[in-house]
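Before any comments, here is the structure.
The values are calculated or read from the model by the stated rules, or taken from the named source; none is laboratory data. All values derive from a computational prediction rather than experimental measurement. We place every Cβ from the backbone using ideal geometry, glycine too, and count neighbours over all the protein chains shown.
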Ligand SMILES: [Zn+2]
């Protein structure tokens, strides 16, 4: 049996699980960077994110399909649009797949946890956790802070946790500086000055 926390907090950097998951595929100068392209890579990613192992050979195509739907939802949210029906449907299916029951864990502590106990297959529990992360985010005040990196060739998603919500880049040292250098060179070319 697996227990899934229903009120999972974002990680230390303020990023919900689904954002971490969608970023396992992003782009560098338009070329894909795939972080979970093999089963060992996926296993390592799960471990890194404190998730139970999914020891199901051949599960990756399904995981990648789920990620496409999560990207569809993420991109819609960053544009303040409704999540496309096809993506929402896939998330609803993932949410409703595992059957189980609710458990209040550490009920006497200051922070009791509401958990979902299920005997569903590990792959279904994984999809459920990702879909749950999206579902909780839809009702969170952070929803308006979901962004894509301002470098259009990157595709990296993040929740902007800066005080004034002014973050634009995945990481300044990657995209921010690169785009700035390009813009600077562009200005030099179009500036009309002989160099
Ligand atoms: Zn970027």
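Descriptive notes on the structure:
- Meets criteria (within 20 Å of residue 8 (Cβ to Cβ), buried (at least 16 other Cβ atoms within 10 Å of the Cβ) and away from the ligand (no atom under 16 Å from the Cβ)) for residue 158: no
- Criterion: within 16 Å of the ligand (Cβ to nearest atom) and either over 30 Å from residue 28 (Cα atoms) or not in a helix (DSSP H, G or I) (or both) - qualifying residue of 175, 170: 170
- Residues that are in contact (Cβ under 8 Å) with a residue 60 or more places away in the chain, farther than 24 Å from residue 95 by Cβ and within 16 Å of the chain's Cα centre (by Cα), drawn from region 12-60: 13, 26, 27
- Looking only at region 16-31, and only at residues there that are modelled with pLDDT of 95 or more and touching a strand residue (DSSP E or B) at 6+ places or on another chain (Cβ under 8 Å), the one that is farthest from residue 66 (Cα to Cα): 16
- Output for region 80-92, where each listed residue is in a helix (DSSP H, G or I) and either touching a residue at least 12 places away in the same chain (Cβ under 8 Å) or crowded, with 19+ Cβ neighbours inside 10 Å (or both): 86, 87, 88, 90, 91, 92
- Only a single item in (1) part of a strand (DSSP E or B); (2) closer than 23 Å to residue 95 by Cβ is not met by residue 63, and it is number (1).
- Strands (runs of 3 or more DSSP E) contained in region 1-51 and holding at least 1 residues in contact with a helix residue (DSSP H, G or I) (Cβ under 7 Å, 6 or more places away or on another chain) and surrounded by 14 or more Cβ atoms within 10 Å (Cβ to Cβ): 2-5, 25-28
- Qualifying residue in region 59-67 (condition: surrounded by 15 or more Cβ atoms within 10 Å (Cβ to Cβ) and within 16 Å of the ligand (Cβ to nearest atom)): no
- Of the strands (runs of 3 or more DSSP E) lying entirely inside region 95-155, those containing at least 3 residues that are within 16 Å of the ligand (Cβ to nearest atom) and under 29 Å from residue 27 (Cβ atoms) are 146-148.
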